[in-house]
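Structure record follows, encoded as structure tokens.
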Amino acid sequence: MAKKDVLPLHINGRDQEVFVRSDATLLEVLRDDLSLRAAKRGCNQGVCGACTVLVDGVPVRGCLTLAGACAGREITTLEGLSEDPITRALQEAMIVSGAVQCGFCTSGMLVTARDLIAQETDPDEQTIRKALSGNLCRCTGYVRIIEAVTEAVTALKAGATATQGDAP
């Protein structure tokens, strides 16, 4: 059995100390040690995107990222984005548009789409497709997912315009 060491992590705005093996992946630590289950264990080869989380604001595959490499870095899971306005707009748009079927890919799709919109406030369809191309979905055919992201962008722009319009 591999030796476990204490690993200080900063996850979803909170400092944590976890006993982990040196070869433990970030996904294993999040799911198995910390019970943060939004990131899913899919292909375990970095192909499906179900395990996508943010490390220092950049989407990474939790199944390919060693937990030890994340010490001193900001790790954000979908659970940590629950109050984020972009994430909330995406979640609502996915529900309304029927973009969620089995739900397995949803967490990775949301984290990836949220990062896209945070980086580019008005992405076109081609940009959305490219951003989500690393996230596999076996149920929807992507049409409704793309529509949901587009709807969330529109809603966020309308909210920003309404807020700006209310200013004196």
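Being touching a residue at least 12 places away in the same chain (Cβ under 8 Å) and under 21 Å from CYS137 (Cβ atoms), is that true of even one residue in the range 1-8?
For the range 1-8, residues touching a residue at least 12 places away in the same chain (Cβ under 8 Å) and under 21 Å from CYS137 (Cβ atoms): absent.
I need the full set of residues from the range 78-99 which are closer than 18 Å to ILE146 by Cα and part of a helix (DSSP H, G or I), in order please.
Result: ILE86, THR87, ARG88, ALA89, LEU90, GLN91, GLU92, ALA93, MET94, ILE95, VAL96, SER97.
Just wondering, is there one or more residues in the range 75-98 that are hydrophobic (A, V, I, L, M, F, W, C), touching a residue at least 60 places away in the same chain (Cβ under 8 Å) and over 25 Å from THR154 (Cα atoms)?
Yes; the residues of the range 75-98 include at least one that is hydrophobic (A, V, I, L, M, F, W, C), touching a residue at least 60 places away in the same chain (Cβ under 8 Å) and over 25 Å from THR154 (Cα atoms).
For the condition touching a helix residue (DSSP H, G or I) at 6+ places or on another chain (Cβ under 8 Å) and either touching a residue at least 12 places away in the same chain (Cβ under 8 Å) or hydrophobic (A, V, I, L, M, F, W, C) (or both), what is the one hit in CYS102, CYS43, CYS70?
CYS70
Out of curiosity, is GLY49 in contact with a Gly (Cβ under 8 Å, 6 or more places away or on another chain) and outside the structural domain of CYS102 (by TED's automatic domain parsing)?
Considered against the rule, which asks whether it is in contact with a Gly (Cβ under 8 Å, 6 or more places away or on another chain) and outside the structural domain of CYS102 (by TED's automatic domain parsing), GLY49 comes out as yes.
Got a sec? Which of ILE117, ILE75 is assigned to a strand (DSSP E or B), within 14 Å of the chain's Cα centre (by Cα) and under 26 Å from CYS43 (Cβ atoms)?
The unique qualifying residue is ILE75.
LEU64 fails exactly one of the following numbered conditions: (1) touching a strand residue (DSSP E or B) at 6+ places or on another chain (Cβ under 9 Å); (2) modelled with pLDDT under 95; (3) in a loop (DSSP other than H, G, I, E, B). What is the number of that condition?
Against the list (1) touching a strand residue (DSSP E or B) at 6+ places or on another chain (Cβ under 9 Å); (2) modelled with pLDDT under 95; (3) in a loop (DSSP other than H, G, I, E, B), LEU64 comes up short only on (2).
If you take the residues of the range 120-143 that are charged (D, E, K, R) and assigned to a helix (DSSP H, G or I), which of them is nearest to GLY57 (Cα to Cα)?
LYS130
For the subset of the range 21-36 comprising residues that are in contact (Cβ under 8 Å) with a residue 40 or more places away in the chain and surrounded by fewer than 22 Cβ atoms within 10 Å (Cβ to Cβ), which member is nearest to the chain's Cα centre (by Cα)? Show your work before the answer.
Looking only at the range 21-36, we keep the residues that are in contact (Cβ under 8 Å) with a residue 40 or more places away in the chain, and these are 22-26, 30, 36.
Add one more test, that the residue is surrounded by fewer than 22 Cβ atoms within 10 Å (Cβ to Cβ), and what stays is 22-24, 36.
Numbers: SER22: 24, ASP23: 23, ALA24: 20, LEU36: 12 Å.
Per the criteria, the residue is LEU36.
Outside any strand (DSSP E or B), of a type in the set (Asp, Glu) and either outside the structural domain of ARG129 (by TED's automatic domain parsing) or surrounded by 20 or more Cβ atoms within 10 Å (Cβ to Cβ) (or both) - does that describe any residue in the range 8-20? Give the steps one after another, and end with the answer.
Start the filter on the range 8-20 by keeping residues that are outside any strand (DSSP E or B), which leaves 12-13.
Checking the rest, the ones that are also of a type in the set (Asp, Glu) come to none.
Checking the range 8-20: not a single residue is outside any strand (DSSP E or B), of a type in the set (Asp, Glu) and either outside the structural domain of ARG129 (by TED's automatic domain parsing) or surrounded by 20 or more Cβ atoms within 10 Å (Cβ to Cβ) (or both).
Taking only the range 97-132 into account, find how many residues are farther than 21 Å from SER82 by Cβ, among the polar types (S, T, N, Q) and at pLDDT 95 or above.
2
The values are calculated or read from the model by the stated rules, or taken from the named source; none is laboratory data. The structure displayed is predicted, hence computed values, not measured ones. So basically every Cβ, Gly included, is an ideal-geometry build from the backbone, and we count neighbours across all protein chains shown.
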